[in-house]
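Accompanying notes for the structure given below.
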Amino acid sequence: MNESAIRTEEQIISLFPDRETLICRGWVLKKMEGRTVVYPLYYKFSDGDIPENIRRCEEISRQCGAGCVFRIVEHTNYHLSSILTDNGYGLEKCGVVGEWNLTGDVGKLCMKGKMPDGDLPDIGMEDILRFAAANGIVRILSDIPGREGLPEQYGWLGFRRAYLYRCYQKKQEEKSSGKEE
């Protein structure tokens with residue numbers, strides 16, 4: 001179990017207190033941007049319970065008039081990805097969440113131009129780091145979408161820790177066939 005990633009996901013969930021939050025058998029459901037994001041963080045269960053939990057989350061999402069997206073953090077719920085795939089879900093997006101503890105070395109990350117791989121200018125992190133340094137912000141959580149690189153590779157950018165996540169959503173043909181019934 002990836003306890004530090006789970007704690008960070010809890011912090012991410014709490015960043016949006018104005019959004020409705022539900023709990024379904026240990027899974028946190030958060031209404032966000034017209035869909036329900038399911039964070040399956042806590043419940044330790046047998047494989048037999050997973051499909052039932054998926055159905056319950058889908059039903060809650062339907063009642064709310066929202067699509068259902070499962071956000072799975074690496075090294076948690078090992079079998080959930082394959083069970084979701086077997087139930088008509090596909091990979092919607094993936095990314096890396098990284099945590100920076102900012103110190104006097106922030107200037108090293110704010111190099112003129114770009115970092116060696118060019119990532120920071122593309123995602124606007126240089127401006128964020130400069131703002132943080134100017135305003136006494138000492139910790140930043142960064143979501144880098146579309147990346148499936150090993151989280152260990154982010155250490156050279158100054159991340160104290162990083163982890164991979166994947167989001168799964170019903171495939172389009174599954175969603176449309178369900179509406180016709």
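Evaluating 6.51 cos²θ - 1.76 cosθ + 1.60 at θ = phi - 60° for every residue in the range 77-82, the Karplus couplings come out as 6, 3, 8, 4, 4, 5 Hz, glycine and proline recorded as x. Stretching Ala134 away from Ile23 to a fully extended chain increases their span by 36.1 nm, per 0.36 nm per residue minus the current alpha-carbon distance.
We did not get these values from a lab; they are worked out from the coordinates using the rules stated. Computed from a predicted structure; not experimentally measured.
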